[in-house]
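Trainee: So that we are looking at the same thing, I have put the structure below in structure tokens.
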Amino acid sequence: MITARMAGGWRGAPPVLPVLVRPVLVRPALVRPALVLPVLVLPVLVLTMLVLAWVWAPAPPAAGQDRVRLAGGIVSTFAGGPGGPALATTVPVAPCGVTSAGGHLLIGDGAGDAVRQVNPLTGWLRTLAGVGPLGSGGGFSGDGGPATAAQLSGPCGAAIDPAGNLIIADTANDRVRVVAARPGTFYGRPMTAGNIYTVAGSGPPAGICGLDDGPGFCPVDVAVDHSGNVVVADTGEADAFNKPALVRVIAGRSGIFYGQQMTAGHMYVVAGGGLSVSGDGGLALRAGLGTMIGQVRIDQAGNLVIADGRVRVVAARAGTFYGITMKALHIYTVAGGGTSLGDGGPATRASVGSAGVAVDGAGNLVIGDTGNDRVRVVAARAGTFYGITRKAHDIYTVAGDGQAGFNGDGGPAVQAKLIVSGAVAVDGADNLVEADGSARARVVAVTSGTFYGRPMTAGDIYTVAGNGSGPGFSGNRGPATSAELGLPGGVVVDGAGNVVIADGRVRVVAAAPGTFYGQTMKAGHIYSVAGGGASLGDGGPATRAELGAQDVTMDRAGNLVIADVSTVRIRVVAVTSGTFYGQRMTAGDIYTVAGTGVGGFSGDGGPATKAEISNYTWVAIGRGGNLVVGDTANLRVRVVAVTSGTFYGQPMSAGDIYTVAGNGSTAFSGDGGPATQAGLNYPGQVAVDRAGNLVIPDSGNDRVRLVAATSGTFYGQVMTTGHIYTVAGNGSSGFSGDGGPATRAELFSPGMVAVDQSGNLLIADRGNNRVRVVAAASGTFYGQVMTTGDIYTIAGNGHIGFTGDGGPATAAEFFGTEGMAINPAGNLLIVDSANHRVRVVTR
């Protein structure tokens, strides 16, 4: 059995590296920092270092090199993805936009870089566009191809046009994009059903809205007017870059709209231009919309309704609307501008911090009041709405008690705590939908009945999408390709061919139907076998234990060995009952075999369960079945002896822990001498080759090094037991050397290594977003002719992103190559961590 796997992910990368994060753009005031942080902090920590690799990465190789490397296997997604189909309340989402269209609830999952659809009858969710689950980091790709294979970045608004096409405000990509419902010509260009196209915006040069040449374009919301034109709320980054917020129109066909002659597919400004809220009573084109523009909607009379801190209306024609006499194409405030809450009084005298607005079936305005953490309604006329008699044009709270937080599900909406991110909608049953900053979409039932697959009571509030968590646990017991993974780390293939993934929990993708780890499993489905509890749980069922699994491997008895960064321990899940690591264990239960739960360095030469280890660790099984620990933050590799004997040149006692490489200094030193005297720089996941040697990715030194288990000649070098040697990398960060000696090649922060069935050394060259191979012997491997000791790329084109499924692995984009394993068929499994997937390269 091959247990080739993951090493020192970016989570264990050198903290001395500078921080560079791609800004995550959301529309102003729609998502509060206090709520974004718990949802996004873990992916940001990981993505920070990965983006650094992107920025510092060397230029891609010459075209001739790429052509040489295109030989080899085909890559596809094996597990993970954007999520769904699944019950919407089980899938992590971070809605920054909601709307009802085509009979379904549409969610712009801004942090998830996807557009989701929730069925209002069943409550099930599916992803309509975007490849990234929550925390993926986003990107731009896929125009002209299937929408479900395209990258989006911070999409918020979405709408459906009269032809059934999906319109997306791809906010952080500075674009409006369309997913065609059928073949045809739309917005001036031919389209294919199911494919995605940009119809406005050219994208920013630096991933920030408003940095394009010209007036700036940062679409945060879209709507479709009665003529089939797309109306766009464009923040223009007025606050950050002194560029005004605007309302624009993309003409669906040629004609006169909003007093202007328009051409199909062209874009025109219809409101805004000033840098402060101004211009009431005058032409909308001369007004200022300020810096808080959020949603834009079309009311029953065809007027534009704009949330820009207040709620304002651009009249489509002359008439009286919302109690105000209006002129065509002029702008008027209909809610907001006051200094107190103002409930029960005129809407224009109330304090409103509005980034969201919708229009219900009775013509009432529904407001996402971010300043007061309430959902409020302005009555269009006198009558009874939402269970209370209302006066025309007065404002009332219908959800939220004014205190930011999350509670109250299943009870009266006005008593619940909300974190109003701004976006609101009215669904097909006239229920009110709110995009909550707690990473949920919540519904206020207007009438009693069954909605989203559950019974609801009029006036009460319910969560209908999102589980309030960050990325990404969903899809358990369903198809692995429909499940969400969080930040997967290690991967290993067990004796039955099942793929075991360290993903905070430990999850298993069954290779065939059967009973594994005490559960009945279906082939290709994914199951949680450890983690998910709230307490340590030692000595009890593994599925009830608290766990932060960063890495996993299998020992010789088939037990799962886990690097648990949450409890700062190495833990074992017994597959069968027996005595292992000096402890009596019961099948399915979990036990600590190393670490005290306190991060640090102590205990060498004594019992492993009394020793301190760091909170960034990786595991492997070494010579004699000993447990090898990549103790990254302690700058060491350590061994827990399973039996007494001499290993790596040291006498060891069963159950005790020993350092076998690294002196605790952040340095490069010691090649050719005793490994325990050598300097390592953030060693990652260690592999064990067929000779029992320890192969160490010395990440910060941009090398792969080896500690000889016995004296002999390995990788073309004469080695001494217990001494350390460089076998790949010249110490310079970069990408070079393919097709030549591995020790002369440049690597960029190699994080993990593995050994394949032919004895070749696999390297996750993380900073280069590639997997590379050092050939153990001359021959043809992974579709390439290789020479002993030389290095070759077998997956990844060096660019950061997610592309390439169904094509050559060497032409594909990855985002954080982490764990690796070889399955029984000889195919290569790669943890594409920041894309929240495990991908497979077939032979």
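Trainee: Output the residue which, of all residues in segment 446-475 that are buried (at least 24 other Cβ atoms within 10 Å of the Cβ) and among the aliphatic types (A, V, I, L, M), is farthest from GLY408 (Cα to Cα).
Mentor: ALA465
Trainee: Follow-up. Out of ALA399, ALA358, which single residue is touching a residue at least 60 places away in the same chain (Cβ under 8 Å), over 14 Å from ARG310 (Cβ atoms), in contact with a Ser or Thr (Cβ under 9 Å, 6 or more places away or on another chain) and surrounded by 19 or more Cβ atoms within 10 Å (Cβ to Cβ)?
Mentor: ALA358
Trainee: For segment 323-359, give me each residue that is assigned to a loop (DSSP other than H, G, I, E, B) and either more than 15 Å from THR397 (Cα to Cα) or more than 37 Å from the chain's Cα centre (by Cα) (or both).
Mentor: Scanning segment 323-359 gives GLY323, LYS327, ALA328, LEU329, GLY337, GLY338, THR339, LEU341, GLY342, ASP343, GLY344, GLY345.
Trainee: Of the numbered conditions (1) surrounded by fewer than 24 Cβ atoms within 10 Å (Cβ to Cβ); (2) of a type in the set (Asp, Glu); (3) closer than 29 Å to ALA480 by Cα; (4) free of Cβ contacts under 8 Å to residues at least 60 places away in the same chain, ASP790 satisfies every one except a single condition; which is it?
Mentor: With respect to (1) surrounded by fewer than 24 Cβ atoms within 10 Å (Cβ to Cβ); (2) of a type in the set (Asp, Glu); (3) closer than 29 Å to ALA480 by Cα; (4) free of Cβ contacts under 8 Å to residues at least 60 places away in the same chain, ASP790 is out only on (3).
Trainee: Kindly list, by first and then second residue, each pair from a residue in segment 336-353 that is closer than 16 Å to ALA382 by Cα and open to solvent by 50 Å² or more (accessible area, probe 1.4 Å) to a residue that is part of a helix (DSSP H, G or I) and basic (Lys, Arg), limited to pairs with Cβ atoms under 8 Å and residues at least 6 apart or on different chains.
Mentor: none
Trainee: Let me ask something else. What are the residues in segment 292-302 that are buried (at least 21 other Cβ atoms within 10 Å of the Cβ) and either more than 25 Å from PRO95 (Cβ to Cβ) or in contact with a helix residue (DSSP H, G or I) (Cβ under 9 Å, 6 or more places away or on another chain) (or both), if any?
Mentor: MET292, ILE293
Trainee: Can you give me the number of residues within segment 268-278 that are farther than 17 Å from ARG317 by Cα and surrounded by 22 or more Cβ atoms within 10 Å (Cβ to Cβ)?
Mentor: Residues in segment 268-278 being farther than 17 Å from ARG317 by Cα and surrounded by 22 or more Cβ atoms within 10 Å (Cβ to Cβ): 1 in total.
Trainee: Please pick out the residue among GLY282, GLY255 that is more than 18 Å from ASP161 (Cα to Cα), without any contact (Cβ under 8 Å) to a residue 60 or more places away in the chain and open to solvent by 10 Å² or more (accessible area, probe 1.4 Å). Can you show your working first?
Mentor: Numbers: GLY255 fails: more than 18 Å from ASP161 (Cα to Cα).
Only one candidate passes the filter, namely GLY282.
Trainee: Right, another one. Conditions: (1) closer than 29 Å to ALA149 by Cα; (2) at pLDDT below 95. VAL755 meets all but one. Number of the miss?
Mentor: Among (1) closer than 29 Å to ALA149 by Cα; (2) at pLDDT below 95, VAL755 violates only (1).
Trainee: Which of the residues belonging to segment 87-104 are touching a Phe, Trp or Tyr at 6+ places or on another chain (Cβ under 8 Å) and open to solvent by less than 10 Å² (accessible area, probe 1.4 Å)? Can you show your working first?
Mentor: Keep residues of segment 87-104 that are touching a Phe, Trp or Tyr at 6+ places or on another chain (Cβ under 8 Å), which gives 87-88, 92.
Of everything in segment 87-104, those that are touching a Phe, Trp or Tyr at 6+ places or on another chain (Cβ under 8 Å) and open to solvent by less than 10 Å² (accessible area, probe 1.4 Å) turn out to be ALA88, PRO92.
Trainee: Going by the structure shown, is VAL231 within 28 Å of the chain's Cα centre (by Cα), at pLDDT 95 or above, surrounded by 18 or more Cβ atoms within 10 Å (Cβ to Cβ) and not charged (D, E, K, R)? Write out each step before concluding.
Mentor: Working: within 28 Å of the chain's Cα centre (by Cα): no; at pLDDT 95 or above: yes; surrounded by 18 or more Cβ atoms within 10 Å (Cβ to Cβ): yes; not charged (D, E, K, R): yes.
So VAL231 does not fit the description; no.
Trainee: Still on this structure, please answer the following. Residues that are in contact with a Gly (Cβ under 7 Å, 6 or more places away or on another chain): find the strands (runs of 3 or more DSSP E) completely inside segment 759-823 holding 2 or more of those.
Mentor: Passing ranges, in order: 770-774, 784-786, 791-795, 817-822.
Trainee: Looking only at segment 403-417, count every residue that is modelled with pLDDT of 95 or more and in a strand (DSSP E or B) and tell me the total.
Mentor: 1
Trainee: Going by the structure shown, is ALA483 in contact with a Gly (Cβ under 6 Å, 6 or more places away or on another chain), open to solvent by 50 Å² or more (accessible area, probe 1.4 Å) and among the small types (Gly, Ala, Ser)?
Mentor: Judged against the criteria, ALA483 is not a match.
Trainee: Moving to a separate point now. Considering each residue of segment 723-736, count those that are open to solvent by 10 Å² or more (accessible area, probe 1.4 Å) and either assigned to a loop (DSSP other than H, G, I, E, B) or among the hydroxyl-bearing types (Ser, Thr, Tyr) (or both), and give that number.
Mentor: Counting residues in segment 723-736 that are open to solvent by 10 Å² or more (accessible area, probe 1.4 Å) and either assigned to a loop (DSSP other than H, G, I, E, B) or among the hydroxyl-bearing types (Ser, Thr, Tyr) (or both) gives 8.
Trainee: Still on this structure, please answer the following. Tally the residues that are modelled with pLDDT of 95 or more and either among the charged types (D, E, K, R) or more than 21 Å from the chain's Cα centre (by Cα) (or both), restricting the search to segment 761-773.
Mentor: 8
Trainee: Go through VAL305, VAL377, VAL313 for me and flag whichever is open to solvent by less than 10 Å² (accessible area, probe 1.4 Å) and closer than 26 Å to GLY408 by Cα.
Mentor: VAL377
Trainee: Do you know which of the residues in segment 518-561 that are touching a helix residue (DSSP H, G or I) at 6+ places or on another chain (Cβ under 8 Å) and at positive phi is most open to solvent (accessible area, probe 1.4 Å)?
Mentor: GLY532
Table: residues versus (1) at pLDDT 95 or above; (2) open to solvent by 30 Å² or more (accessible area, probe 1.4 Å); (3) not in a strand (DSSP E or B).
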| site | (1), (2), (3) |
| --- | --- |
| ASP604 | yes, yes, yes |
| ASN615 | no, yes, yes |
| GLY624 | no, yes, yes |
| VAL629 | yes, no, no |
| ARG638 | yes, no, no |
| ILE657 | yes, no, no |
| ASN663 | yes, yes, yes |
| GLY672 | yes, yes, yes |
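Trainee: Here's a check for you: in segment 708-720, which residue that is assigned to a loop (DSSP other than H, G, I, E, B) and open to solvent by less than 50 Å² (accessible area, probe 1.4 Å) is farthest from GLY679 (Cα to Cα)?
Mentor: THR710
The values are calculated or read from the model by the stated rules, or taken from the named source; none is laboratory data. Just so it is clear, the structure is predicted and the values come from calculations on it, not from any experiment. No Cβ is skipped: glycine too gets one built from the backbone with ideal geometry, and neighbour counts run over all protein chains shown. To get the accessible areas, we keep the full protein, side chains included, count just its heavy atoms, and leave off ligands, DNA and RNA. Shrake-Rupley method; radii C 1.70, N 1.55, O 1.52, S 1.80 Å.
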